[in-house]
Amino acid sequence: NKQVILKDYVSGFPKETDMYVTTSSIELKVPKGSNGVLLKNLYLSCDPYMRPRMTKGEGSYIESFKPGLPIVGNGVAKVLDSENPEFKKGDLVWGMTGWEEYSLATAPRLFKIQHTDMPLSYYTGILGMPGMTAYAGFFEVCSPKQGEYVFVSAASGAVGQLVGQFAKLVGCYVVGSAGSKDKVDLLKNKFGFDEAFNYKEEPDLDAALKRYFPEGIGIYFENVGGKMLDAVLLNMRIQGRIALCGMISQYNNDKPEGVHNLTCLISKRIRMEGFLVPDYFHLYPKFLEMMIPRIKEGKIVYVEDKAEGLESAPAALVGLFSGRNVGKQVVEVATE
Ligand code: NDP
């Protein structure tokens with residue numbers, strides 16, 4: 001059983017060498033009466049929240065990985081054996097699994113995949129946790145209305161590309177920021193953003209936002225934090241909403257950068273709300289009902305960045321923090 005192991009706790013930017021690939025043996029059977037399932041992992045998801053899990057945990061909402069053990073994350077898998085009444089051999093599932101070829105899940109946290117006619121890798125992204133994040137964050141937290149002015153950061157990524165498309169479905173004006181010319185082109189030409197800019201080429205983010213939002217931002221979907229959040233605060237409209245989804249620019253800092261413009265929240269009566277997607281998983285059936293027909297009709301499009309083989313997983317994960325991924329980063333371990 002090939003596995004990706006965390007070598008030791010990480011500080012600063014993660015490196016490929018913070019993980020290593022090894023092989024161990026596993027019995028391809030679930031112990032009788034254990035309630036567990038044996039999974040053959042097909043696709044593994046690389047997600048930014050995995051970086052805080054590589055640090056010894058204090059005060060985080062999710063526990064740290066254990067050095068010497070496989071990385072844990074979302075994935076798509078096939079059930080090879082089951083002692084759990086909810087799953088049977090041959091089921092396709094998505095949810096928490098290990099970064100390894102086969103995983104024994106003793107307390108499975110898995111969704112059964114009903115729509116197996118969709119590409120299975122989609123359940124690490126557009127039809128899985130990041131898709132639900134975009135859906136819950138935009139529709140539930142931001143309460144968007146037609147004609148509103150929406151700004152999305154890390155806009156070409158797994159979550160951002162969907163938030164932009166949801167905003168267009170509602171009839172909003174939407175601008176995205178991303179870290180390369182190719183990503184900016186994707187935003188405008190593939191995902192239908194009205195405008196997009198490369199934040200790395202903007203010496204003055206405040207001036208850039210004023211250019212795209214002369215009348216201010218109504219809704220900000222926050223994926224990056226730091227200097228971008230500070231510039232956005234200066235440009236929000238009265239009674240605007242900010243959904244705090246993530247702050248990837250801060251995940252490698254020992255101490256997060258300060259935010260200076262919080263008084264704008266008061267003067268402009270802005271609602272800023274953090275959220276975590278597991279709190280919204282009860283909406284998953286409703287979410288699928290909206291997504292599946294629209295994907296089939298081409299009304300919602302998707303870009304994923306597929307790395308091949310378990311060996312490529314450490315580089316793929318680390319690449320999230322330099323923006324190497326174009327679209328949702330997934331690792332293909334096996335096709336079935
Ligand atoms: P992405 O697919 O967007 O990948 C990460 C991207 O972040 C990179 O490609 C890069 O794009 C950008 N990035 C990396 N470092 C920086 C930096 N220092 N400053 C600005 N941008 C940077 O990831 P996801 O779509 O999966 O996640 C997006 C955000 O959503 C993250 O903050 C994540 O933590 C959060 N999230 C929150 C959830 C919740 O429940 N609240 C659930 C899931 C995700 P670029 O080239 O454009 O810089």
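The values are calculated or read from the model by the stated rules, or taken from the named source; none is laboratory data. No experiment lies behind these values; they were computed from the predicted model shown. Note: ideal-geometry Cβ built from the backbone for every residue, glycine included; neighbour counts use all protein chains shown. With ligands, DNA and RNA removed, areas are computed over all heavy atoms of the protein, side chains included. Shrake-Rupley method; radii C 1.70, N 1.55, O 1.52, S 1.80 Å.
Across the range 55-131, the relative contact order, built from alpha-carbon pairs under 8 Å that are at least six residues apart, equals 25 percent. Can you give the net charge of the other residues whose Cβ lies under 11 Å from the Cβ of M19, counting K and R as +1 and D and E as -1? Net local charge, M19 excluded: -2. For the range 86-110, the residues whose amide N sits under 18 Å from a probe point set 7 Å from the Cα of N35 along the beta carbon direction are 86-88, 96-97, 104-110. Quick check: the distance between the Cα centres of the range 70-143 and the range 205-240, to the nearest angstrom? If you average the Cα positions of each part, the centres end up 34 Å apart.
Cross-link partners for K112 among the aspartates and glutamates, with Cα-Cα distance under 12 Å and sequence neighbours closer than 8 places in the same chain left out: E86, D91. Ligands, DNA and RNA left out, the accessible area of the range 110-186 computed with a 1.4 Å probe is 51% carbon and sulfur.
Candidate cross-link partners of K200 among the aspartates and glutamates, defined by an alpha-carbon separation under 16 Å and a same-chain spacing of 8 or more, comprise D182, D185, D230. Peptide packing: for 289-296, 232-239, the average count of neighbouring Cβ atoms within 10 Å per residue gives the ranking 232-239, 289-296, highest mean first. Overall, the anisotropy analysis places the range 213-325 in the oblate class: the square-rooted eigenvalues a ≥ b ≥ c of its C-alpha gyration tensor yield a/c not less than 1.5, with a/b not exceeding b/c.
Shape class of the range 1-159 from the alpha-carbon gyration tensor: oblate, with a/c at 1.5 or above and b/c at least as large as a/b. Normalised per residue, the accessible area of the chain is 44 Å², obtained with a 1.4 Å probe and no contribution from ligands, DNA or RNA. Would you mind checking the range 155-174 for residues with the amide N under 19 Å from a putative spin-label position 7 Å along Cα→C-beta of E215? Within reach of a label on E215: 167-174.
Phi angles across the range 107-114 convert, under the Karplus curve 6.51 cos²θ - 1.76 cosθ + 1.60 with θ = phi - 60°, into 3J(HN,Hα) values of 10, x, 10, 9, 9, 7, 7, 8 Hz, Gly and Pro given as x. Charge tally around Y123: other residues with Cβ under 15 Å, Lys/Arg +1 each, Asp/Glu -1 each, net 0. Rounded, prolate or oblate: which one fits the range 136-280, using the alpha carbon gyration tensor with axes a ≥ b ≥ c (rounded when a/c is under 1.5, else prolate when a/b beats b/c, else oblate)? Rounded shape, in that the Cα axes give a/c under 1.5. Put a plus charge on the Cβ of each Lys and Arg, a minus charge on the Cβ of each Asp and Glu, and nothing anywhere else: the dipole of the range 1-97 about its Cα centre is then about 200 debye.
Computed packing ranks the peptides 140-146, 83-89, 189-195 as 189-195, 140-146, 83-89, most packed first, by mean other Cβ atoms within 10 Å. Distance from the C-alpha centroid of the range 28-55 to that of the range 265-336: 18 Å, rounded to the whole angstrom. Our estimate of slack between K188 and S60, defined as 0.36 nm per intervening residue step minus the Cα-Cα distance, is 42.5 nm.
You can think of it this way: the chain between V326 and S11 has 110.9 nm of extra reach, that is 0.36 nm per residue less the Cα-Cα gap. A Cβ-based charge dipole, computed about the Cα centre of the chain with Lys and Arg at +1 and Asp and Glu at -1, lands at about 460 debye.
In this structure, the residue pairs whose Cα-Cα separation is over 20 Å, taken from K40/K88; K88/K328; K183/K286; K40/K89; K15/K66, are K88/K328; K183/K286. Using a Gaussian network model of the chain in which every pair of alpha carbons under 10 angstrom is joined by a spring, one finds that among Q250, Q161, Q114 the greatest mean-square fluctuation is at Q114. Protection proxy ranking for 40-48, 123-131, 14-22, using the average of other Cβ atoms within 10 Å per residue and placing the highest first: 123-131, 40-48, 14-22.
Here is how the number arises for the chain: DSSP H runs of 4 or more residues each give -39500 (n - 2.57), the sum is divided by the residue count, and the result at 222 nm is -5500 deg cm²/dmol. Here the accessible area of the range 281-336 is 52 percent carbon and sulfur, with a 1.4 angstrom probe and all protein chains present. Under a Gaussian network description of the chain, with springs only between Cα atoms under 10 Å, the residue in G274, G157, G33 that fluctuates furthest is G33. Net charge around N74, counting only other residues with Cβ within less than 13 Å of its Cβ (Lys, Arg = +1; Asp, Glu = -1)? After counting each charged neighbour, the total is +2. Basic side chains Lys and Arg get +1 at the Cβ, acidic Asp and Glu get -1 at the Cβ, and with that the dipole of the range 37-159 about its Cα centre reaches some 120 debye. A straight Cα-to-Cα reach below 12 Å connects K181 with the aspartates and glutamates E201, residues fewer than 8 places away in its own chain not being considered. If the elastic network links every pair of Cα atoms under 10 Å, which of G246, G309, G137 fluctuates the most in the Gaussian network model of the chain? Comparing G246, G309, G137 in the GNM, the peak value goes to G309.
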